[in-house]
Structure formats: structure tokens, C-alpha cells
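Trainee: Below are the C-alpha cells for one structure; questions will follow.
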């Protein structure tokens with residue numbers, strides 16, 4: 001049991017980095033991690049086989065492209081104060097025309113690019 | 001697999017109720033639930049034996065009183081955009097001088113008053 005708790009200020013943590021697509025870990029609870037990330041541009045299509053993923057927009061806006069059960073391509077626009085849960089197994093791709101700051105909530109160890117390894121993969125996210 | 005995703009707008013959901021201390025469920029992922037709640041006044045001291053609990057301030061401010069491993073009483077002030085993770089087993093009590101809107105993230109089934117049953121206990125939180 002910790003002797004004192006530490007609060008986490010989202011704006012302060014987000015000011016500590018400027019690169020895109022590389023999540024940082026803010027905290028952990030119940031086997032899950034809270035992360036922050038900045039999106040700008042178009043990410044890769046991917047899915048997480050065993051992890052549901054929550055996206056909450058802290059500032060800005062982005063579009064989540066996704067493929068439904070029939071493979072049809074759909075899109076959801078998300079603004080500040082809006083959240084989306086992408087269930088395990090669903091192909092998705094965030095797209096941001098301008099920079100957007102996002103809070104993520106997902107199981108510890110979730111890989112940002114899921115089943116698709118590439119230059120945007122962050123293997124060992126930094127803890128802030 | 002759902003055919004389409006539903007986004008959740010925090011402000012819209014928070015406008016749907018006005019009572020205090022009674023969490024509403026917004027969504028579920030990986031066995032965890034996302035909830036919103038409004039605090040005003042002083043809650044009861046309690047702990048959750050097996051659940052870590054995340055509090056993120058959406059609007060307003062509140063104070064989290066807690067007891068450290070030695071039983072000493074401490075307090076943490078939290079404002080908008082700040083989050084706190086209270087680990088399982090730690091006694092805590094939110095106190096809000098004015099109304100504050102809070103997002104909770106915790107395991108499905110977590111009881112708001114933890115080990116202390118009383119008039120503030122919400123046994124079956126409503127889904128919004």
C-alpha cells in the first residue's frame with residue numbers, strides 16, 4: 001500500500017512529448033493501463049485479438065475508420081469529451097487531419113498496432 | 001462483432017441525471033466498466049478489497065481523503081483534467097464543496113461504497 005497517492009494531470013503529461021502515434025503509460029490498475037497519445041495523419045489498419053480498447057478525446061478531433069462484421073468500412077467522428085470502445089477483433093484505423101490528444105484505456109501490454117508490425121509499432125511504451 | 005460502433009459524449013450523458021453519488025454505467029471493456037458520477041458533499045469512508053479505482057475529473061474539483069498504510073489521514077485535491085488511481089484496500093472518501101462531474105474506471109460490479117453498505121450504496125447502477 002503506498003503511503004501517499006500521486007495525481008496525474010493530463011495536460012502536464014501531454015506537454016512532455018510531441019511525437020505522434022507513440023502511446024505513453026500514465027498508470028495501471030486491475031491489469032489495465034491508462035495511456036495518452038497524440039495522433040496526426042493516418043494510422044495503419046489493425047486489430048487486437050484479445051483486447052477491447054477505449055479512446056477518449058482530450059483535445060482536438062479525429063475519425064475512427066473501422067470494418068464491421070461483414071467487412072464493410074465505416075467511420076466515426078470523435079470530438080473533445082467523446083469516447084469510443086473498439087471491441088477485440090474489430091479492424092480499425094484512427095485518422096486525424098490535425099493533431100489530437102487522446103486518452104487510451106486498455107489491457108497492460110496492448111500493442112498500438114495490434115496484429116500489424118511496422119514502423120509505427122511501439123514495443124515498449126515509455127512511462128511518464 | 002457489432003455492425004456499427006456508438007460513440008459516447010460525456011457532457012450529453014452527464015446531462016441525463018442530477019443526483020449525487022450514484023454512478024451510471026457508460027460502457028464495458030475487458031471486464032471493466034466506464035461510469036460517470038456527480039459528487040457533492042461528503043461521501044462515506046470505504047475501501048474496495050479487490051478493485052483498484054480510477055477517478056478522472058470531467059468538470060469541477062473535489063478532494064480525495066485517504067488513509068495511507070500506517071492509517072494516517074491524507075488528502076489530495078483534484079481539478080478538471082486530473083486523475084487519481086486509488087489502489088485496492090485503501091480507505092478513501094471523496095469530498096466536494098461544489099458539484100463535480102467524474103469519470104470512473106473500475107472492474108465491472110464494483111460497489112460505490114465498497115465494504116460499507118448504507119443509504120449511499122448503489123446496488124444496480126443504471127446504464128445510460
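Trainee: Being at the interface with chain B (Cβ under 7 Å from one of its Cβ atoms) and either touching a residue at least 24 places away in the same chain (Cβ under 8 Å) or in a strand (DSSP E or B) (or both) is the filter here, so list the residues in the range A:57-82 that pass it.
Mentor: A:66, A:74, A:76, A:78, A:81, A:82, listed by residue number.
Trainee: Moving on. Any residue in the range A:12-22 that is within 7 Å of another protein chain (Cβ to nearest Cβ), at pLDDT 95 or above and either part of a strand (DSSP E or B) or buried (at least 17 other Cβ atoms within 10 Å of the Cβ) (or both)?
Mentor: no
Trainee: Considering only the range B:21-37, state which residues are within 14 Å of residue B:121 (Cα to Cα) and in contact with a strand residue (DSSP E or B) (Cβ under 6 Å, 6 or more places away or on another chain).
Mentor: Matches in the range B:21-37: B:23, B:24, B:37.
Trainee: With respect to residue A:111, determine if the residue is crowded, with 17+ Cβ neighbours inside 10 Å, closer than 22 Å to residue B:12 by Cβ and within 14 Å of the chain's Cα centre (by Cα).
Mentor: no
Trainee: Considering only the range B:18-47, state which residues are more than 25 Å from residue B:65 (Cβ to Cβ) and touching a residue at least 24 places away in the same chain (Cβ under 8 Å).
Mentor: Of everything in the range B:18-47, those that are more than 25 Å from residue B:65 (Cβ to Cβ) and touching a residue at least 24 places away in the same chain (Cβ under 8 Å) turn out to be B:25, B:26, B:28, B:31.
Trainee: Please verify whether residue B:41 is out of contact with any strand residue (DSSP E or B) (no Cβ under 8 Å at 6 or more places or on another chain), surrounded by fewer than 20 Cβ atoms within 10 Å (Cβ to Cβ) and either in a loop (DSSP other than H, G, I, E, B) or more than 7 Å from chain A (Cβ to nearest Cβ) (or both), treating the condition exactly as stated.
Mentor: No.
Trainee: If you take the residues in the range B:84-108 that are within 11 Å of the chain's Cα centre (by Cα) and facing chain A (nearest Cβ under 10 Å), which one is nearest to residue B:14 (Cα to Cα)?
Mentor: B:103
Trainee: So if I check each of B:96, B:50, which one is at pLDDT 95 or above and loosely packed, with under 15 Cβ neighbours inside 10 Å?
Mentor: Result: B:50 is the single residue among B:96, B:50 that is at pLDDT 95 or above and loosely packed, with under 15 Cβ neighbours inside 10 Å.
Trainee: Here is a further query. Take the residues in the range B:75-86 that are out of contact with any helix residue (DSSP H, G or I) (no Cβ under 9 Å at 6 or more places or on another chain) and surrounded by 18 or more Cβ atoms within 10 Å (Cβ to Cβ), then tell me which one is farthest from residue B:28 (Cα to Cα).
Mentor: So, considering only residues that are out of contact with any helix residue (DSSP H, G or I) (no Cβ under 9 Å at 6 or more places or on another chain) and surrounded by 18 or more Cβ atoms within 10 Å (Cβ to Cβ), the one farthest from residue B:28 (Cα to Cα) is B:76.
The values are calculated or read from the model by the stated rules, or taken from the named source; none is laboratory data. Predicted model only: the values in this text are computed from it and were never measured. Methodologically, a virtual Cβ is constructed for each residue, glycine included, from the backbone with ideal geometry; neighbour enumeration extends over all protein chains shown.
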